[in-house]
Amino acid sequence: MDLHSRYLTVADLRRAARRRVPHFAWAYLDTATGTEASARRNRTGLDNVLFTPSILHGEVAPDLSVDLFGETHPLPFGVAPVGQSGLLWPGAERLLAREATKADLPYALSMVANATPEEVGPETGGKGWFQLYPPRDIDMRRDMLARVKDSGFKVLVLTVDVPVAARREKQVQGGLVQPPRITPRIALQCALRPAWSQARMRAGMPRMKTLDRYSQDNAPLDPTAHIGYLLRTAPDWDYLRWLRDAWDGPLVVKGVLRPDDAARMQAEGVDAIWVSNHGGRQFDAAQGAVEYLPGVRAATTLPVIFDSGIEGGLDMLRAIALGADFVMMGRAWHYAVCALGDRGPAHLIDMLRRDLVSCIGQLGVARPADLRGMALTAG
């Protein structure tokens, strides 16, 4: 059966993925923090961005390409970093890196994924992005940056919106501990998901392999207090300056919501601003992330990247209309991999491309950036 006849939307992939992934892993991927109100506001905020289609333009040839950090990408989106990606589906990091690179899209590896930069870097063709959760120890920082550079990563992404661990109550209730342990409860969940379990047995137990050399402590920890949290710090402006001096490639700061922070980051030499509320996973009283875009866009001339709540091509156009230059997605890629395995990433790319072409054609423009300033806000 043609995948497009069965999996037409990200929501279709999500439903299929949920049937194949154990509950504890699903809770890690698909829940937020608190009452999950911030995650719901991400959806509401995007739904409130509306357009008035323009007509009588004849046949418009769409151009979805975007130039970013000296690379031309054929589509305006990429793969956002997701911690413990390999827990969600074994081998997800290398698969996503390989398929994204094949499509000339950026792939970002999380420092707390289950594959190392040395394993994933060669799959990115020297164009990968690496997400850094700021290590406290300066020697660890230097070593991490050297490993990332030597592995062929081009862009460094400093995540700044996790100064302390969020509670993520549903994730904790799911039963996951760090590093993962097979308890009777977890074993039952795995038994109910045989495809995941078979893949997991072949791959072995997941762990945050990038951090292995920095700690030998294997005591089980709460999922919101894993080794990544224990080694990181809450960065400040001096930390950003140190990192800017230490990294000689493009530097992106992820987790920016305030215009004044964006303007100051530009003055400090950052190369792009990433607007995100961490998908609602960190703080439950934030607005929908898309609502912050116009203010940040007005405060900086740097490229603006966006994530949080994106579920399709129309959502991407909404974000671009409000000021984003590029859009990253995290959960959707993992829905695709968990639902369809090796076929998932290519299918998602084609699905999103079709959605973008359809929506941009309805709006009567050739390029997504032409929508800048054309959006209305409901409510």
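See the values below:
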| quantity | calculated |
| --- | --- |
| Relative counts (whole %) of C-alpha pair distances in the range 67-199, using bins that are 10 Å wide | 11, 36, 31, 19, 3, 0 |
| Relative contact order of the range 196-352, defined on C-alpha pairs under 8 angstrom at six or more residues apart (%) | 15 percent |
| Dipole of the chain, positive direction: furthest Cα of 165, 148, 324, with charges on the beta-carbon | 165 |
| Value of relative contact order over the chain, rounded to a whole percent, pairs C-alpha under 8 Å and six or more apart | 28 percent |
| Helical contribution to [θ] at 222 nm, DSSP H n ≥ 4, -39,500 (n - 2.57), averaged over the chain, rounded to 500 | -11500 deg cm²/dmol |
| Positive-end residue, the range 15-104 charge dipole about Cα centroid, Cβ charges, pick of 82, 22, 49 | 22 |
| Overall Cα dimensions of the chain - principal axes, largest extent first, Å | 64, 53, 40 |
| Residue 278 accessible area, assembled protein chains, probe 1.4 Å, Å² | 20 Å² |
| Accessible-area value, residue 19, 1.4 Å probe, nucleic acids and ligands omitted, Å² | 150 Å² |
| Lysine pairs within the chain, Cα separation less than 23 Å, 8 or more sequence positions apart or different chains | 12 |
| 9 Å beta-carbon shell around residue 95, net charge (K/R +1, D/E -1) | -2 |
| Formal net charge of residues neighbouring residue 274 (Cβ-Cβ distance under 11 Å; K, R +1; D, E -1) | -3 |
| Average Cα contact separation per residue, the range 1-103, under 8 Å, 6 or more apart, as relative contact order % | 20 percent |
| Order by protection proxy (mean Cβ within 10 Å, highest first), peptides 313-319, 254-260 | 313-319, 254-260 |
| Charge context of residue 251, other residues only, Cβ under 13 angstrom, K/R +1, D/E -1 | +1 |
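The values are calculated or read from the model by the stated rules, or taken from the named source; none is laboratory data. None of these values were measured; they are calculated from a predicted model. Because the Cβ atoms are built from the backbone with ideal geometry, glycine has one as well, and the counts that use them run over all protein chains shown. Accessible surface is based on the protein model in full, side chains and every heavy atom, while ligands, DNA and RNA are left aside. Shrake-Rupley method; radii C 1.70, N 1.55, O 1.52, S 1.80 Å.
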